[in-house]
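S.K.: Starting off with a structure, shown below.
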Amino acid sequence: MSLNLSQCFIAVDDHDKALTFYRDVLGLEVRNDVGFEGMRWVTVGSPDQPGVDIVLEPPLADPNASPADKDAMAQLLAKGQLRGVIFDTDDCDATFERIRAAGAEVLQEPVDQPYGVRDCAFRDPAGNMLRFSQSQP
């Protein structure tokens, strides 16, 4: 039996800002952009992984959610508490410099971790934590 990741979800509060970051800064390709019931979902992914999609979704993708629930989700998103994603890179330091030069909020500069990777971390425009990890020999 084979299991493969096909999609993961990242909550964003502004799809246009998210697209600028994920497409223009990270270099991911836009695969889909769909509106439904006043909400929007944008799917992006690495050209090197055509079978894996990242869905940029509204923080609370439920048109029937209460105002209190929507507010709670918006607060969690603003604090960076909803989701995180780890990307593999072949050059952590170059990736760090490119993303930092684009103005992303730095959470951690590149560092060698005791578990065999060199990684760094940023927040995306919505506040989600993104890590960029390079395997060490």
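S.K.: Please work out if Met39 is more than 17 Å from Phe122 (Cα to Cα), in contact with a Pro (Cβ under 9 Å, 6 or more places away or on another chain), surrounded by fewer than 17 Cβ atoms within 10 Å (Cβ to Cβ) and aliphatic (A, V, I, L, M). Reasoning before the result, please.
M.R.: On the way: more than 17 Å from Phe122 (Cα to Cα): yes; in contact with a Pro (Cβ under 9 Å, 6 or more places away or on another chain): yes; surrounded by fewer than 17 Cβ atoms within 10 Å (Cβ to Cβ): yes; aliphatic (A, V, I, L, M): yes.
So Met39 fits the description; yes.
S.K.: Every residue in the stretch 1-36 that is outside any loop (DSSP other than H, G, I, E, B), of a type outside the set (S, T, N, Q) and touching a Pro at 6+ places or on another chain (Cβ under 8 Å), please.
M.R.: Correct list: Ala11, Lys17, Ala18, Phe21, Glu29.
S.K.: Among (1) at pLDDT 95 or above; (2) within 16 Å of Leu130 (Cα to Cα); (3) not acidic (Asp, Glu), there is one condition Leu82 misses while meeting the rest; what is its number?
M.R.: All conditions are met except number (1).
S.K.: Further question: Given the criterion touching a His at 6+ places or on another chain (Cβ under 8 Å) and surrounded by 13 or more Cβ atoms within 10 Å (Cβ to Cβ), identify the matching residue among Leu28, Leu56, Leu19.
M.R.: Checking each option against the conditions leaves just Leu56.
S.K.: A further question follows. List, please: which pairs have Cβ atoms under 9 Å, are six or more places apart or on different chains, and start with a residue in the stretch 1-29 that is touching a residue at least 60 places away in the same chain (Cβ under 8 Å) and end with one that is polar (S, T, N, Q) and buried (at least 19 other Cβ atoms within 10 Å of the Cβ)?
M.R.: Short answer, once both residue conditions are applied: Ile10/Asn128; Ala11/Asn128; Val12/Asn128; Leu26/Thr95.
S.K.: Could you look through the stretch 80-103, keep only residues that are in contact with a strand residue (DSSP E or B) (Cβ under 8 Å, 6 or more places away or on another chain) and under 27 Å from Leu60 (Cβ atoms), and pick out the one that is surrounded by the fewest Cβ atoms within 10 Å (Cβ to Cβ)?
M.R.: Ile86
S.K.: Say we look at the stretch 104-123 and pick out the residues that are over 18 Å from the mean Cα position of the chain (by Cα) and not in a strand (DSSP E or B); which of these is surrounded by the fewest Cβ atoms within 10 Å (Cβ to Cβ)?
M.R.: Ranking the candidates gives Pro114 first.
The values are calculated or read from the model by the stated rules, or taken from the named source; none is laboratory data. In this text, all values refer to a predicted model and were calculated from it rather than measured experimentally. Cβ coordinates were reconstructed from backbone atoms using ideal geometry, including for glycine residues, and neighbour counts include every protein chain displayed.
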